[in-house]
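Before any comments, here is the structure.
The values are calculated or read from the model by the stated rules, or taken from the named source; none is laboratory data. Quantities reported herein were computed from a predicted structural model and do not represent experimental measurements. Reconstructed Cβ throughout: ideal geometry from the backbone, glycine too, with neighbour counts over all protein chains shown.
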Amino acid sequence: MSLDIKALCGVQPGQPVNRAACVLLPLGAAASLLPWTPPWAALFGGTVIALAFGNPCVGLTGRSAKWLLQIAVVGLGAGVNLGVVARVGGAGLGYTIAGLVATFAIGSLLATWLGIAPKVAALICAGTGICGGSAIAAAAPAIGAKSEETSAALAVVFLLNGAALFIFPAVGTWLGMDAHQFGLWCALAIHDTSSVTGAAMTHGTQALATATTVKLARALWIVPVALALGAWFRRGAAETDAKRRRTITVPWFIAGFLIVSMIFTFIPALAPAAKPVSRIARSMLTVTLFFIGMGLSRTVLRMLGLRPLIHAVVLWIIIGGGTLVAIQTGLIR
């Protein structure tokens, strides 16, 4: 029995395969695994290759992205210390919940106004309200989002991450924010942890410490938000088993995230391995983003249009601006 490579890659019989794409696909995947490759570059690179040359392995990259995404979410749990989360998260529980409720409420209204697909809007809200790409990675399989929906949400979030690195330090300096205020604002209003730390460090070590600690506490909200979104999008699905309707199903990767977090929190001997495991998980997430980018096509981009970008930008401005006002007036300390 011979292995049919074309069938494995999802190539239809008689379908032409671009040789350049066949070379660039494995090279791009390998480059995405390098520790200095940022996630946005992997997504952008995969998108460029797909649009310029096509994807010779649609089936393979689609299946790989699905599984790697879920495994990466489990590994990211190693970087979440539940002890730190309990200390910081308890103090800021009120404004964290208020911020999440506001993000999803405003995001839903904007999505209705702009006519955006509900799952795309939900992913953008999760990325805005929690921790960018990691939250989208966890929520996407929980709600059964399509690859193009996940790609749209990730693309706009990473674009805003880059903008935050320039905008936040300039605004913080202009307003004369102290280190604690600026670090708090970065943690609450910038999507990804990497961009949070990049922006916060411009205002010193105290700002960086505040930003990373608060952001870490918010990261654990990935779990309840992903579960809530999964339940919400399943609410109208037909169920034949009445018992199953009464049961809350926890996706295995969300459970894995929690278990890994608990292991690295409560077994001190494993603490030195937390950073390497988390780093590997982020590398897996980066190569997943490359595969997701490879799943895009001109048809999908035309279908999505600029509406997800408008949705994400307006939501970010409202939430970021509101958070800034709350910090400046002392409502958030």
Q: Name the residue, out of 182, 168, that is in contact with a Cys (Cβ under 7 Å, 6 or more places away or on another chain), farther than 18 Å from residue 70 by Cβ and modelled with pLDDT of 90 or more.
A: 168
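Do we have any residue at all in segment 13-24 that's crowded, with 17+ Cβ neighbours inside 10 Å, assigned to a helix (DSSP H, G or I), touching a helix residue (DSSP H, G or I) at 6+ places or on another chain (Cβ under 7 Å) and at pLDDT 85 or above? Please lay out each step first, then the result.
Kept after step one, since they are crowded, with 17+ Cβ neighbours inside 10 Å, are these residues of segment 13-24: 21, 24.
Right, trim to assigned to a helix (DSSP H, G or I) and you get 21, 24.
Retained after the next criterion (residues that are touching a helix residue (DSSP H, G or I) at 6+ places or on another chain (Cβ under 7 Å)): 21, 24.
If we keep only those that are at pLDDT 85 or above too, we end up with 24.
Yes, segment 13-24 contains at least one residue that is crowded, with 17+ Cβ neighbours inside 10 Å, assigned to a helix (DSSP H, G or I), touching a helix residue (DSSP H, G or I) at 6+ places or on another chain (Cβ under 7 Å) and at pLDDT 85 or above.
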Q: Being surrounded by fewer than 23 Cβ atoms within 10 Å (Cβ to Cβ) and more than 22 Å from residue 72 (Cβ to Cβ) is the filter here, so list the residues in segment 190-209 that pass it.
A: 201, 202, 204, 205, 206, 208, 209
Q | Number of positions in segment 269-285 that are more than 20 Å from the chain's Cα centre (by Cα) and either modelled with pLDDT under 85 or among the β-branched types (Val, Ile, Thr) (or both) | A | 1
Q. Among the residues of segment 109-128, how many are of a type in the set (Gly, Ala, Ser), under 18 Å from the mean Cα position of the chain (by Cα) and surrounded by fewer than 24 Cβ atoms within 10 Å (Cβ to Cβ)?
A. 1
Q.
Being assigned to a loop (DSSP other than H, G, I, E, B) and either modelled with pLDDT under 80 or under 23 Å from residue 43 (Cβ atoms) (or both) is true for just one of 288, 247, 299. Which residue is that?
A. 247
Q) Within segment 164-184, can one find any residue that is crowded, with 18+ Cβ neighbours inside 10 Å and within 13 Å of the chain's Cα centre (by Cα)? A) no
Q: Return the residue satisfying two criteria in turn: it lies in segment 114-140 and is in a helix (DSSP H, G or I) and modelled with pLDDT under 85, and of such residues it is farthest from residue 194 (Cα to Cα).
A: 138
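Rundown of residues vs (1) loosely packed, with under 15 Cβ neighbours inside 10 Å; (2) small (Gly, Ala, Ser); (3) free of Cβ contacts under 8 Å to residues at least 24 places away in the same chain, yes/no style:
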site: 265; (1), (2), (3): no, no, no
site: 268; (1), (2), (3): yes, no, yes
site: 279; (1), (2), (3): yes, no, no
site: 288; (1), (2), (3): no, no, no
site: 291; (1), (2), (3): no, no, no
site: 319; (1), (2), (3): no, no, no
site: 322; (1), (2), (3): no, yes, no
(Q) Quick check on my filter: what residues within segment 48-68 are surrounded by 21 or more Cβ atoms within 10 Å (Cβ to Cβ), closer than 19 Å to residue 155 by Cβ and over 17 Å from the mean Cα position of the chain (by Cα)? (A) 49, 50, 55, 61
(Q) Looking only at residues that are in a loop (DSSP other than H, G, I, E, B) and without any contact (Cβ under 8 Å) to a residue 40 or more places away in the chain in segment 141-152, which one is farthest from the chain's Cα centre (by Cα)? (A) 146
Q.
For the condition buried (at least 17 other Cβ atoms within 10 Å of the Cβ) and modelled with pLDDT under 75, what is the one hit in 92, 83?
A. 92
Q) Restricting attention to segment 127-180, which residues are in contact with a Gly (Cβ under 7 Å, 6 or more places away or on another chain), over 30 Å from residue 329 (Cα atoms) and among the β-branched types (Val, Ile, Thr)? A) 136, 143
